[in-house]
Amino acid sequence: PGYDKWSEQRHNAIYYNYSLIESNNGINATQTWHGDSYYEDYFPDLVTNRTLAMIEEFTSQEGTRRPFLAVNAWPTAHGPFTPAPWAEHYHDGAKAPRTPNYNASYEHNQQKHWIIRQQSPIDDLRASLTDKIFEKRLESLYSVDSHIEQIVNLLEEKGELENTYIIYTSDNGFQLGQHRLWADKRHMYENDIRVPFIITGPGIPKNVTTDRPVLNVDIAPSIYELVTGETQPPENMDGSSIIPYLLSLQGEIEGKGPAEDPYHREDFLISYYGEGMEPCGLKVKECPSTPTSNFRYIDSFNNTYHCVRSLTASGYQHGSYNFCKDGVCAAPTATRDSIYCRFEDSEDFVEYYDHSQDPWQLNNRADELTQEERDYFEFRLTQLRSCKGASCRAG
């Protein structure tokens, strides 16, 4: 609802051989089959071509030019990670980064929740598969680079680039061997939950990186402010606009004082509901034999968790953390870069990582938390899971 034109696949993240459902008026839709021709069917190209045509339409009619919003949801770099033919072999032999938590030790994994404790070490076969996935993900992203360039060039040609905001982000991160997860995205760790977020447009300083937290729920309120000029988003939006902060960054760069940030955020909620099947709760119909030396399953019912991700970065601190007990909060005591997660499982399992000391999340420090700290995180979990609209917004 609300879109003049839209296109979507009948199924998710397919590069060739798919059904496409489209509407040219936002109401009536048609369905067409696309095959295996790169020039006619490669879905990332199709997405971009539709957008380029829309930009031409909205910017080429003298006297009738209108503001527009285009949402490009490329499947890239989702599996099956299919690159454009011209990008194949660009990264032959590329290897996934061997981070300190790649193929983590038994000692480290046994500190984690059930499904991680079961993971078998990454053998040569799984290592080669992970490297191949990494290679294909890199190659598939070349088409997205090309598409962004085409969109920017057309906006510049039409004289609209300086009037346009462009937001680039993703829906999830990805595991490439971290904590023995050879290819996945469903967990509470930094590889899974961090995504790129890049924005450019009128009034936003160029080539600036900020450590201010931004969430996907902030995108809609930010677009709402750009379109309407209203700083207060509708009540059905949980996030807050980042536009006041971004537009005041230049003053901070020039030494005129801190950037305006009416909706600063020091923590936020991470939640996931694990997928599984009966009888054993894993995402497979047949249960593995017990014990097993080849456990590679990536999800289960008991991989359901809710987390408080705390992030008060230097230069962005607006106070710190009030530890609460029985609804009574103490004075601020310390800044944090941490994550506290409680699992909905038979163990009521908790994981806690202090990233200032353990950026690779190898050592679960939940047992070292004081009772006051535990009370605080549980208090915040209750607040964050129950908030709606304005009650979810910091500031």
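Surface composition of the chain: carbon and sulfur atoms hold 51% of the protein heavy-atom accessible area at a 1.4 Å probe.
Multiplying the residue separation of Glu344 and Thr200 by 0.36 nm and removing their Cα-Cα distance gives an extension gain of 47.9 nm. Ellipticity at 222 nm from helices only: DSSP H runs of n ≥ 4 in the chain, each -39500 (n - 2.57), divided by the residue count, give -7500 deg cm²/dmol. Residues of region 76-110 with an amide N closer than 19 Å to a point placed 7 Å from the Cα of Ser19 along the Cα-to-Cβ direction: none. Solvent-accessible area per residue in the chain equals 54 Å², computed with a 1.4 angstrom probe and all protein chains kept. The chain gives an Rg/Rh value of 0.98, both radii derived from C-alpha positions and Rh following Kirkwood.
If a spin label sat at a point 7 angstrom from the Cα of Ser248 along the line to its beta carbon, the backbone N atoms of region 222-238 nearer than 15 Å would be those of 231-232. Per residue, the average separation of C-alpha pairs within less than 8 Å and at least 6 apart gives the chain a relative contact order of 12 percent.
Dividing the mean sequence gap of close Cα pairs (under 8 Å, 6+ apart) by how many residues region 207-277 holds gives a relative contact order of 23 percent.
State which entries of Lys185/Lys285; Lys5/Lys136; Lys112/Lys283; Lys136/Lys158 exceed 26 angstrom in Cα-Cα distance in the structure shown. Long pairs (Cα-Cα over 26 Å): Lys5/Lys136; Lys136/Lys158. Here the dipole of region 260-312 is about 320 debye; that uses its Cα centre as origin and unit charges on the Cβ of Lys and Arg (positive) and Asp and Glu (negative).
The values are calculated or read from the model by the stated rules, or taken from the named source; none is laboratory data. This is a predicted model, so every value here is computed, not measured. Cβ sites come from the backbone with ideal geometry, for glycine too, and all protein chains shown count toward neighbours. In case anyone asks, the SASA skips ligands and DNA or RNA and just uses the protein heavy atoms, side chains included. Shrake-Rupley method; radii C 1.70, N 1.55, O 1.52, S 1.80 Å.
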